[in-house]
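The values are calculated or read from the model by the stated rules, or taken from the named source; none is laboratory data. From a predicted model like this one, the values you see are computed outputs, not experimental measurements. Here the Cβ is made from the backbone with ideal geometry for all residues, glycine too, and neighbour counts use every protein chain on show. The protein model used for the area step is the full one, side chains on, heavy atoms only, and it has no ligands, DNA or RNA in it. Shrake-Rupley method; radii C 1.70, N 1.55, O 1.52, S 1.80 Å.
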Amino acid sequence: MKLKDLAGDTKPKPQPQKAAPFQAEMGIKTFTAARMMVIDFPKAFVDEMNEYIDNVIIPNDEDYSHSLVGQIRQNEKSKQLNFSLEGNEYVEQFKKVLDNCGSTFVQKAYKRESVANSFEAWTVHSYEGDYNPRHSHGCQTPAGLSSILWLKVPEQIANKTQAEAQKGIHHASGLLDGWTQFSWGTNTSQDLYQLKEESDHAMQPKVGRYLIFPKWLNHEVFPFFGEGERRTFVANFNIYDSLEEKSKHSNVLKEK
């Protein structure tokens, strides 16, 4: 099943249950101060995306680094490239999938009858030594969402386990190299032993895993070493309380 099979209305509607070869696992992860949607897309979806990026985004080579904090420059193939969300049938269908996911997250996790509208996206092509310092994302509305989708993960990152990382984290093991760390407070890992709440969480990249979270949530990517490309798709969303508000805002931006 192709991307178009996931694309529907901006506001998700219940679908009849039937057997289908395409399934995406979805769930809400709750931290102390934030919520995150975790979606696992199947290999066919990832392959289709990587093919589009290889054949369109990389050849276009539209640099997006001027708008980003990422230090992605250690390899001649290290890049941060604009991923336009309009212009052809594929990206228009893909945008519908993004908006469905974002709207579902806001409605289910925050009980807010709003719609999410993806308005900018880019790809990050990281190689040995590249990293992303701690940062958060900006949007055009007071409330907004950020998201990341892992499309390629080098073996030396993918083969590590959370259990191994927890055992080796205090021994300079480098087990978190290439992982993404989310943080929302000042507590450290040592504070957990003092019964203080967790205020950061490191997540291992997994091919096909898509994370959606509030725009204010700080995150960073640790550098990794060895061969291979760590490829990530990133998108930001504005949040509107109604489809009418979304339409009005879009018209204002067009006039400008």
*Residues 34, 7: which one is of a type in the set (Gly, Ala, Ser) and either in contact with a Leu (Cβ under 8 Å, 6 or more places away or on another chain) or modelled with pLDDT of 95 or more (or both)?*
34
*Any chance segment 23-31 includes a residue that's part of a loop (DSSP other than H, G, I, E, B), free of Cβ contacts under 8 Å to residues at least 60 places away in the same chain and of a type outside the set (Lys, Arg)?*
yes
*Starting from segment 198-209, keep only residues that are in contact (Cβ under 8 Å) with a residue 24 or more places away in the chain, then list their pairs with residues that are open to solvent by 10 Å² or more (accessible area, probe 1.4 Å) and outside any loop (DSSP other than H, G, I, E, B) whose Cβ atoms are within a distance under 6 Å, requiring at least 6 positions of separation or different chains.*
202/181; 208/40; 209/40
*Output the residues belonging to segment 32-73 that are within 30 Å of residue 107 (Cβ to Cβ) and assigned to a loop (DSSP other than H, G, I, E, B).*
32, 33, 34, 41, 42, 64, 68
*Please tell me if residue 233 is out of contact with any Cys (no Cβ under 7 Å at 6 or more places or on another chain), within 22 Å of residue 57 (Cα to Cα), assigned to a strand (DSSP E or B) and at pLDDT 95 or above.*
yes
_If I ask for residues that are open to solvent by 20 Å² or more (accessible area, probe 1.4 Å), among the aromatic types (Phe, Trp, Tyr) and not in a loop (DSSP other than H, G, I, E, B), which ones from segment 74-129 would you list?_
90, 119
_Unique match (being modelled with pLDDT of 95 or more and open to solvent by 30 Å² or more (accessible area, probe 1.4 Å)) among 254, 248, 215_ = 215
*Only one residue in 13, 96 is charged (D, E, K, R) and either farther than 26 Å from residue 219 by Cα or at pLDDT below 95 (or both), so which one is that?*
13
_What pairs come out if I take residues in segment 112-123 that are within 17 Å of residue 150 (Cβ to Cβ) and pair them with residues that are in a loop (DSSP other than H, G, I, E, B) and aliphatic (A, V, I, L, M) whose C-beta lies under 6 Å away, six or more apart or interchain?_
121/85
